[in-house]
Amino acid sequence: MNKLKVPIMGFTEEQETFRNEVRQFIKSEKDTFESQVDSWLSGYSPAFSQKLGEKGWIGMTWPKKYGGKERSSLERYIVIEELLAAGAPIAAHWFADRQTGPLFLKFGTDEQKEFFLPKIAKGRCFFSIGLSEPNAGSDLAAISTRAERTENGWVLNGMKIWTSGAHLSDYMIVLCRTSPKNPDRKHEGLSQLVVDLSSPGVTIRPIKYLTGEEHFNEVFFENVIIPEENIVGQEGNGWRQSMAELAYERSGPERILSTFPLLEELIGTLRENKDFQGMKEAMKLLSQLYSLRHMSIGIAQLLEEGADVNTTAALVKDMGTKFEKNVAEVARLIIASSPSMTSEVRFEKLLAQSILHGPGFTLRGGTTEILRGIVTKGVIAE
Ligand SMILES: Cc1cc2nc3c(=O)[nH]c(=O)nc-3n(C[C@H](O)[C@H](O)[C@H](O)COP(=O)(O)OP(=O)(O)OC[C@H]3O[C@@H](n4cnc5c(N)ncnc54)[C@H](O)[C@@H]3O)c2cc1C
């Protein structure tokens, strides 16, 4: 099959009715949170996560016996899309819902599934993802954090960096070396461990974001003892398992909607100002969003069918994150304003958030250059 082919999906009437249910819920909650840009990474509210858990909207595609609702990927897409569009605070459970749950379902033991999944689905157990290190970002296989097997379990030493939400999470999935590094086969000998972040020997130091908020972290592991059974999947299979998570990471609505609250506010302001010239520019953004959204929804469907979507997911992330940044650029150019994180004017506050969060959009989850390499290789290999 053509690696860049994505089906055009529509939503059924039943699914649109469900969308209205989600919208009604968000409307009923609107006084409990302040809508913000990039809310999937920075909007932390365990209370809101728990409410979503009660609605059955976390882990909603998972088997019922693990606390899921066995709903479709497209229904999950609807929930995520509406929450992102509203700028709702969903960061607390984000990684657990998007990738740790599916990781356990695919590679975890029965005990791991029974222990973690129901708590995640209730919005009461939060995870962070420990991949990057100071000398291993794009070249992830260069990681040197290592775990040694002992009589007491694994002993973990090393450091992770840029770990989103580690200071607010219960656990981290740590990619580490469980066999010595072979320079010719760097991808081998890696494993994934579940690390309880309250364990002795774990130090978490937040790194301030451009906005001044604390969001991502340096995390140090010093002789941290981890129970033997906390390995996920097969020892030495960590690279393959981590890569399997990436397609979920790259093509979702969070790669196109991070600045949607600003786009909505921009259109509202232009309408109020009767600024027709500005509105033309905003409509160009909307038409780009329309195409990106269809690609992203099509990939969600392909993922459900078990297709290999690595190339298209990389393409959507590249185009989607560029679009997210461009929303801020267009907004800045067509409305004279003084963006500020403390402004009372909603447009100015959202614009400041978008400008200051923007640099991260094209770095996190794989940089633009790396994604373009994946797309090029994918197309050439056809
Ligand atoms: C907001 C945010 C949240 C993050 N959250 C997490 C998290 O929760 N967990 C986690 O593990 N990590 C996280 N990261 C880290 C992120 O995954 C890395 O920043 C990313 O993989 C790039 O790695 P690096 O920063 O080391 O940059 P480098 O890999 O050093 O890249 C620097 C520059 O060189 C370019 N470059 C590198 N290699 C090549 C190449 N082969 N060809 C062409 N150009 C190249 C890159 O494109 C980039 O422009 C987060 C990052 C951000 C910004």
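Read-outs: derived from the displayed coordinates by stated rules, not from any lab. The model shown is predicted, which means the values in this text are computed figures rather than measured ones. Every residue, glycine as well, gets a Cβ built from its backbone with ideal geometry; the counts of neighbours run over all protein chains shown.
For this structure, a couple of remarks:
- Among beta bridges that DSSP assigns inside the chain, antiparallel share in %, nearest 5: 85 percent
- Dipole magnitude (debye, nearest 20) for the chain, charges at Cβ of Lys, Arg, Asp, Glu: 560 debye
- For residue 11 and residue 225, the difference between the fully extended length at 0.36 nm per residue and the C-alpha to C-alpha distance is 72.2 nm.
- Residue 382 paired with residue 151, simple spin-label distance in nm, labels 7 Å along Cα-to-beta-carbon: 5.9 nm
- 25 Å Cα-Cα threshold exceeded, pairs from 30/280; 122/317; 55/119; 284/349; 160/322; 30/51: 30/280; 122/317; 160/322
- Charged neighbours of residue 255, selected by a Cβ distance under 14 Å, balance to +1 (K, R count +1; D, E count -1).
- Kirkwood Rh in Å, taken over all unlike Cα pairs in the range 251-380: 15.6 Å
- For the chain: relative contact order, % (alpha-carbon pairs under 8 angstrom, 6 or more apart): 17 percent
- Between the C-alpha center of the range 34-85 and that of the range 301-364 there is a gap of 20 Å.
- Counting only aspartates and glutamates at least 8 places from residue 208 when in the same chain, those with an alpha carbon closer than 15 Å to its own are 218.
- Of the trypsin sites (Lys or Arg not before Pro) found in the range 118-185, those in coil by DSSP whose Cβ has at most 12 other Cβ atoms within 10 Å are 185.
- The range 110-241 shape via C-alpha gyration tensor axes, a/c threshold 1.5: oblate
- Using a cutoff of 8 angstrom between alpha carbon atoms and counting only pairs six or more residues apart, the relative contact order for the range 251-380 works out to 33 percent.
- GluC sites (Glu not before Pro) lying in DSSP loop within the range 276-337, provided at most 16 other Cβ fall within 10 Å: 305
- Spin-label zone in the range 29-51 - amide nitrogen under 13 Å from a point set 7 Å from the Cα of residue 345 along the C-beta vector: none
- Annotation: Cα Rg of the range 247-297 relative to the compact-globule expectation 2.2 N^0.38 Å equals 1.31.
- Counting every pair of alpha carbons in the chain, the share spaced more than 42 Å apart comes to 10 percent.
- Added length on full extension, which subtracts the Cα-Cα distance from 0.36 nm per residue, residue 65 to residue 4: 18.4 nm
- Percent of alpha-carbon pairs separated by more than 20 Å within the range 13-125: 36 percent
- Computed 3J(HN,Hα) for the range 204-210, one whole-Hz value per residue from the Karplus formula 6.51 cos²θ - 1.76 cosθ + 1.60 where θ = phi - 60°, is 10, 10, x, 10, 6, 7, 4, glycine and proline marked x.
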